[in-house]
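Just so you know, all these numbers are worked out from the coordinates, no wet-lab data involved. If you're wondering where the values come from, they're calculated on a predicted model, not measured in any experiment. Note that each Cβ is placed from the backbone with ideal geometry, even for glycine, and that neighbours are counted across all protein chains shown.
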Amino acid sequence: MPEEYMSDEEYITLGSSACPVCRSTNIGYDSLDCDGKYMSQPVECEDCHSTWYDIYKLEGYADLDVHGKTREAELQALEAWRLERLAMQQQP
Ligand SMILES: [Zn+2]
């Protein structure tokens, strides 16, 4: 990418709030598209009419709620299921 355009680092620091070409903050966003690991969002500068995509990367997950169960209850349920399977396999 030519030097006169904003670097990725600067763009990220600004939080996708300015055009990488003319640095206008008069920019418009289209709808996000997700492929599982990445999300992309078309962006257009309303001043110089440059277009580009913002890229978002999956970093993990948060606030896991396993139907209100605790970890202990999960393990007990798993153990019960395992014993049940074992009992079934031992039947003639
Ligand atoms: Zn621009």
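Calculated FRET efficiency, Asp8 to Asp63, Cβ-Cβ distance, R0 = 30 Å: about 0.55 to the nearest 0.05.
When the square roots of the Cα gyration tensor eigenvalues are ordered a ≥ b ≥ c, the ratio a/c for region 8-57 is 1.5 or more and a/b does not exceed b/c, which makes its shape oblate. Angle check, please: helix 71-90 long axis (alpha carbons) against the longest principal axis of the chain (alpha carbons), in degrees 0 to 90, nearest 10. Computed tilt is about 50 degrees.
Pick from Glu46, Glu72, Glu59: which residue has the top mean-square fluctuation in a GNM of the chain where Cα pairs under 10 Å get a spring? Checking each option, the largest mean-square fluctuation is seen for Glu72. Relative contact order of the chain: 15 percent, from C-alpha pairs under 8 Å at least 6 residues apart in sequence. Among rounded, prolate and oblate, which fits region 6-92 when a ≥ b ≥ c are the square roots of the eigenvalues of its C-alpha gyration tensor, a/c under 1.5 means rounded, and a/b larger than b/c means prolate? Judged from the Cα gyration tensor, region 6-92 comes out prolate (a/c at least 1.5, a/b above b/c).
Test of understanding: what is the full-extension gain from Gln90 to Met39, defined as 0.36 nm times their sequence separation minus their Cα-Cα distance? Walk me through the numbers before you get to the answer.
Numbers: separation 51, 0.36 × 51 = 18.36 nm, distance 4.89 nm.
Using 0.36 nm per residue and subtracting the Cα-Cα distance, I get 13.5 nm.
Which of the trypsin sites (Lys or Arg not before Pro) found in region 36-92 are loop residues per DSSP with 12 or fewer other Cβ atoms within 10 Å of their Cβ? All intermediate terms of the calculation are to be shown ahead of the outcome.
Working: sites: Lys37, Lys57, Lys69, Arg71, Arg82, Arg85; in loops: Lys37, Lys69.
Those that pass, being in a loop and sparsely packed, are Lys37, Lys69.
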